[in-house]
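The values are calculated or read from the model by the stated rules, or taken from the named source; none is laboratory data. Since the model is a prediction, treat every value here as computed from it, not as a measurement. Note that we place each Cβ from the backbone using ideal geometry, even for glycine, and neighbour counts take in every protein chain shown.
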Amino acid sequence: MRAILTLALALFCLGLLAAQDISINGRVVDKSTNSPLPGVSVFIAELNRGVVTDLDGSFRLTDLPERNVTLKFSFIGYSTIIQSIKPGSNRTVEIQLEEAFTNIDEVVVSGAYIMSKESSPISIEKVDLVDILKMPSPSLMTALTRTPGVNEISLGPGISKPVIRGLSFSRVLSVYQGGRFENQQWGADHGLGLTETGIGNVELIKGPASLIYGSGAMAGVVNLIEEKDAIKGEVEGYLNLRGYSNNLGLRSELGIKGASENGFVWSINGAGESHADYKDGDGKTMGNTRFNTRNFKGGVGLQKKWGDTRLRYTYLKQKLGILDETDVEGLATFRGDRSSQIPFQNVTDHFLSSETNVFLGEDKLKATFGLHKNLREEIETGEGFVDLGLNQSNIMYDVKYFKSLNPSLEAIFGVQGFYLQTINYDDALEFLIPDAKKDDRSIYGLLNYNKDKWVVQGGVRYDYRKVNVDASSPHFVDFGFILPGEPENRQLERTFDGVTTSGGASFRPNSHWRFRLNIAQGFRAPDLAELFSNGVHPGTRRFEKGNAEFQREQNIQTDFGIRYRTNNFSISGEVFYNDINNYIFFAPTGEMEEDLDIWSFEQSDARLYGGELEFDFHPSSAKWFQASTSYSMVIGQRTEDWTYLPYIPAYRWNQSVDFRSNDIGIIQKPYLSILGSLIFNQDRPAPLEEATPGYFLLGMNIGGNVKVGNTFLEVYVSGTNLLNNTYLDHLSLFRPFGVNQMGRNVALNVRIPF
């Protein structure tokens, strides 16, 4: 009876809330002239929706929760304003935007709390979709690597995975549609596996995020943020067409979304792309680096005053050619050939997720659930045969309660986990890892203090993981797969657990200065390959060996950053020191198994340290001009003998000069950017790893909005490696075989809104 009365009371309270007109009305004007600004984007990150201002600069947001929300006001040519506002029955605000070429602040959602990027104690970089469109790449990960401190390990243009401050593989977590995305990233030749289809931006956490996201976020997070919902009562869409000159790549993407007046939202996106083999700077074709992908995603949701809920599904199909370093010329068939040929990877992903937010006064409950199936086939013997076949299923959950303790202090309490099962194909020709089950369970708590000039965060988390592996099936026995210790029942179990803590603060004494300090622990339980691999990895010409006795990796990283800005320039610097116990790394042994190189996983204490320095010059007297530069470095060493770690990127110095012009005829908002990247010699190789000479890459992009009838087409033309240099990237898996990176490449991108 008491439960029924409680439910009735809750429904009554929700009914009272629904009866109120909770809204925000406002007007956006130019700060210097006080004239209205039409077309300004007004966006609420907590609700993933917004509006644009009308001809009078006015806007209205309705059906809002009665709690603080974070509004972002953005407009091309003006600095972005981020403001926390509590809606009311008659709340009116006036916002003044100031002209500016560049903007250093943004709203970020990846740090558990929605806040200004500049206020976050955690280092989070944001890459907007427009930045990707201006300088696209055949791989989404490649397009993100101009971010200081972010690199990629690649196996050609179609396969690349993130490296954040020198750490990679299973230490960088991918988050997609709000859920943890596990696509067997333990493999060096297993890429990020995600595309830009239907996303609004990408957020990159640089540093341990295990407290929020769990094992796998020891180095950081790549979080793909969904595009914002359509404006109420409207249906909108786009067609995006792209072509690349070097590998004759083609990409087309179509997206449509809508929102009804009663809060129902929906979206559909589809994309397909096809790429031939690429050419290096000498004009040599790199045979079988071709690939193609097919991507479909759809979502439905409901927005109400009590909160919102969304259900999304994504299908991604990839066929990825694998270069055979012993037959590069033989696999280079003819210019423009896109047909799959052996060896190649066939990867299929199905990802279903739901996100629900329920507002309870000043509190909030957020629940995220996901179901992910990843099918990975590596084929090198012939069509109809699967050399390595893995069927992985993953169920994840993350339930958080946001408790407002007072206007300046908020707490999060949550439970999180995932259950993952990996099963080898019965008819596979090779077995690298056994069948396995992983069960992760976590509980955590965080505090966030945000008042005046200070933001202070801290928390604690407990994690437990159980891993069961099984090699008792007949196909394992017949193949002769051996588990460590050769147990009689051909089964093993390992458990890992531990406590992690994190604390940080940002201080903004005035509009010029920002100081940030964060000390965080991270952890990572060894993945299946590191523990149990014992066999041939098809497509890599390696025999790989794990070690079932490995302990959990544990690190503590200290980050300190300073930023100073004026009306004419800004300068910022970040330094970090990362001490890692039981660091696991992959290295060649120098031995052979028949005709294959033997690579084994090793474990040792390590340290990584370095930082990033950025300078941006944007003179207020010449708002048509901007110049920026950034420098990033990282050094990784084993502490037992101070030898260097493998897969550590070279120092990098990026430069950019940007020009913006007034409208020219039918071209609106034209721009020109000249880009340069100087990659220094990587002369700190790991044992049995060779040094790599440095190189310089010149890039350029130009574009604007072209009026065709009543539609403005967004046109972007970009070029990379315009000097057509021939070079080797230290993190390329092709580097040991002397296979060069892509030569000159020009991309044309046309985005047609409707």
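Tally time: how many residues in the stretch 441-468 are under 26 Å from Met396 (Cα atoms) and hydrophobic (A, V, I, L, M, F, W, C)?
To start, the set of residues in the stretch 441-468 that are under 26 Å from Met396 (Cα atoms) comprises 441-448, 457-468.
Still in the list and also hydrophobic (A, V, I, L, M, F, W, C): 443, 446-447, 460, 467.
Here the count works out to 5.
Rundown of residues vs (1) buried (at least 22 other Cβ atoms within 10 Å of the Cβ); (2) assigned by TED's automatic domain parsing to the domain that holds Arg735; (3) in contact with a Lys or Arg (Cβ under 7 Å, 6 or more places away or on another chain); (4) within 30 Å of Val415 (Cα to Cα), yes/no style:
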| residue | (1), (2), (3), (4) |
| --- | --- |
| Tyr278 | yes, yes, no, no |
| Asn292 | no, yes, yes, no |
| Asp308 | yes, yes, no, yes |
| Tyr313 | no, yes, yes, yes |
| Gln318 | yes, yes, no, no |
| Ile322 | yes, yes, no, no |
| Ala332 | no, yes, no, no |
| Ser340 | no, yes, yes, no |
| Thr348 | no, yes, yes, yes |
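Among residues belonging to the stretch 679-703 that are aliphatic (A, V, I, L, M) and surrounded by fewer than 16 Cβ atoms within 10 Å (Cβ to Cβ), point out the one that is farthest from Ser600 (Cα to Cα). I'd like the intermediate steps shown before the answer.
Going residue by residue through the stretch 679-703, those that are aliphatic (A, V, I, L, M) are 679, 686, 688, 691, 697-698, 700, 702.
So of that shortlist, the ones also surrounded by fewer than 16 Cβ atoms within 10 Å (Cβ to Cβ) come out as 688, 691.
On the way: Leu688: 13, Ala691: 21 Å.
Step by step, filter the stretch 679-703, then rank; the result is Ala691.
Here is a list: Leu409, Leu352, Leu420, Leu405. Which entry is assigned by TED's automatic domain parsing to the domain that holds Lys279, touching a strand residue (DSSP E or B) at 6+ places or on another chain (Cβ under 7 Å) and under 28 Å from Val265 (Cβ atoms)? Reasoning before the result, please.
Details: Leu409 fails: under 28 Å from Val265 (Cβ atoms); Leu420 fails: under 28 Å from Val265 (Cβ atoms); Leu405 fails: under 28 Å from Val265 (Cβ atoms).
It is Leu352.
Starting from the stretch 644-664, keep only residues that are farther than 21 Å from Arg171 by Cα, then list their pairs with residues that are assigned to a strand (DSSP E or B) and small (Gly, Ala, Ser) whose Cβ atoms are within a distance under 6 Å, requiring at least 6 positions of separation or different chains.
Arg652/Ser632; Asn654/Ser630; Asn654/Ser677; Gln655/Gly676; Ser656/Ser628; Val657/Ala627; Asp658/Ser673
When both residues are 6+ apart or on different chains and their Cβ atoms are under 8 Å apart, which pairs have a first residue that lies in the stretch 564-579 and is under 26 Å from Ser621 (Cα atoms), and a second that is small (Gly, Ala, Ser)?
If the second residue must be small (Gly, Ala, Ser), the pairs left are Tyr564/Ser570; Tyr564/Ser572; Arg565/Ser511; Asn567/Ser620; Asn568/Ser620; Ser572/Gly561; Gly573/Gly561; Gly573/Gly611.
Check whether at least one residue in the stretch 240-250 is over 30 Å from Asn701 (Cβ atoms), among the aliphatic types (A, V, I, L, M) and surrounded by fewer than 24 Cβ atoms within 10 Å (Cβ to Cβ), and report yes or no. Let's see the steps before the verdict.
Taking the stretch 240-250 as the starting set, the residues that turn out to be over 30 Å from Asn701 (Cβ atoms) are none.
Checking the stretch 240-250: not a single residue is over 30 Å from Asn701 (Cβ atoms), among the aliphatic types (A, V, I, L, M) and surrounded by fewer than 24 Cβ atoms within 10 Å (Cβ to Cβ).
Looking at this structure, is Ile433 in contact with a Pro (Cβ under 6 Å, 6 or more places away or on another chain), buried (at least 17 other Cβ atoms within 10 Å of the Cβ), at pLDDT below 95 and of a type in the set (A, V, I, L, M)? Walk me through it before giving the result.
Details: in contact with a Pro (Cβ under 6 Å, 6 or more places away or on another chain): no; buried (at least 17 other Cβ atoms within 10 Å of the Cβ): yes; at pLDDT below 95: yes; of a type in the set (A, V, I, L, M): yes.
Answer is no for this residue.
Go over the candidates Val163, Val221, Val175 one by one and state the one that is closer than 25 Å to Met115 by Cβ and touching an Asp or Glu at 6+ places or on another chain (Cβ under 8 Å). Walk me through how you get there before you give the answer.
On the way: Val163 fails: closer than 25 Å to Met115 by Cβ; Val175 fails: touching an Asp or Glu at 6+ places or on another chain (Cβ under 8 Å).
It is Val221.
Polar (S, T, N, Q), under 22 Å from Ala209 (Cα atoms) and in contact with a Leu (Cβ under 9 Å, 6 or more places away or on another chain) - does that describe any residue in the stretch 82-98?
Pass one, the stretch 82-98, residues polar (S, T, N, Q): 83-84, 89-90, 92, 96.
The next check asks that each one be under 22 Å from Ala209 (Cα atoms); those that pass are none.
Checked against the condition, which is being polar (S, T, N, Q), under 22 Å from Ala209 (Cα atoms) and in contact with a Leu (Cβ under 9 Å, 6 or more places away or on another chain), the stretch 82-98 yields no hits at all.
Suppose the filter is modelled with pLDDT of 90 or more and either small (Gly, Ala, Ser) or surrounded by fewer than 24 Cβ atoms within 10 Å (Cβ to Cβ) (or both); does Ile122 pass it?
Numbers: modelled with pLDDT of 90 or more: yes; either small (Gly, Ala, Ser) or surrounded by fewer than 24 Cβ atoms within 10 Å (Cβ to Cβ) (or both): no.
In short, no.
Spot the failing condition for Glu152; the list is (1) crowded, with 23+ Cβ neighbours inside 10 Å; (2) outside the structural domain of Ser732 (by TED's automatic domain parsing); (3) not aliphatic (A, V, I, L, M); (4) not in a loop (DSSP other than H, G, I, E, B), and only one is missed.
The number of the failed condition is (2).
Would you confirm whether any residue within the stretch 361-371 is under 18 Å from Asn288 (Cα atoms) and either within 22 Å of the chain's Cα centre (by Cα) or small (Gly, Ala, Ser) (or both)? First the steps, then the outcome.
Restricting attention to the stretch 361-371, the residues satisfying the condition of being under 18 Å from Asn288 (Cα atoms) are none.
No, because not a single residue in the stretch 361-371 is under 18 Å from Asn288 (Cα atoms) and either within 22 Å of the chain's Cα centre (by Cα) or small (Gly, Ala, Ser) (or both).
So which of Arg376, Arg310 ends up being in contact with an Asp or Glu (Cβ under 9 Å, 6 or more places away or on another chain) and under 27 Å from Gly270 (Cα atoms)? Working first, answer last.
Details: Arg376 fails: in contact with an Asp or Glu (Cβ under 9 Å, 6 or more places away or on another chain).
That would be Arg310, the only listed residue that is in contact with an Asp or Glu (Cβ under 9 Å, 6 or more places away or on another chain) and under 27 Å from Gly270 (Cα atoms).
Which of the residues spanning the stretch 512-565 are among the aromatic types (Phe, Trp, Tyr) and either surrounded by fewer than 19 Cβ atoms within 10 Å (Cβ to Cβ) or assigned to a strand (DSSP E or B) (or both)?
From the stretch 512-565, those among the aromatic types (Phe, Trp, Tyr) are 513, 515, 523, 532, 543, 550, 560, 564; that's our starting set.
The answer is Trp513, Phe515, Phe523, Phe543, Phe560, Tyr564.
Can you name the residue in the stretch 350-360 that is under 26 Å from the mean Cα position of the chain (by Cα) and buried (at least 22 other Cβ atoms within 10 Å of the Cβ) and is also farthest from Ala411 (Cα to Cα) among such residues?
Phe351
Looking at Glu383 and the list (1) surrounded by fewer than 20 Cβ atoms within 10 Å (Cβ to Cβ); (2) charged (D, E, K, R); (3) in a strand (DSSP E or B), which single condition is not satisfied?
(3)
Can you name the residue in the stretch 679-690 that is within 12 Å of Leu728 (Cβ to Cβ) and modelled with pLDDT of 95 or more and is also farthest from the chain's Cα centre (by Cα) among such residues? Outline the logic, then answer.
Within the stretch 679-690, the first condition is being within 12 Å of Leu728 (Cβ to Cβ), and the residues that meet it are 679, 681-682, 690.
Of the ones still in play, those that are also modelled with pLDDT of 95 or more are 679, 681-682.
On the way: Ile679: 23, Asn681: 27, Gln682: 26 Å.
Looking at the filtered set, the residue picked out is Asn681.
Could you please find all residues in the stretch 707-751 being of a type in the set (A, V, I, L, M) and not in a loop (DSSP other than H, G, I, E, B)? Show your work before the answer.
Start the filter on the stretch 707-751 by keeping residues that are of a type in the set (A, V, I, L, M), which leaves 708, 713, 715, 717, 722-723, 728, 731, 733, 739, 742, 746-748, 750.
Passing the criteria: Val708, Leu713, Val715, Val717, Val746, Ala747, Leu748, Val750.
Restrict the check to the stretch 586-606 and report whether at least one residue is free of Cβ contacts under 8 Å to residues at least 40 places away in the same chain and surrounded by 22 or more Cβ atoms within 10 Å (Cβ to Cβ).
Looking through the stretch 586-606, at least one residue is free of Cβ contacts under 8 Å to residues at least 40 places away in the same chain and surrounded by 22 or more Cβ atoms within 10 Å (Cβ to Cβ).
With respect to the numbered conditions (1) over 26 Å from Lys31 (Cα atoms); (2) in the same structural domain as Leu447 (by TED's automatic domain parsing), which one is the sole condition not fulfilled by Val130?
The one condition Val130 does not meet is (1).
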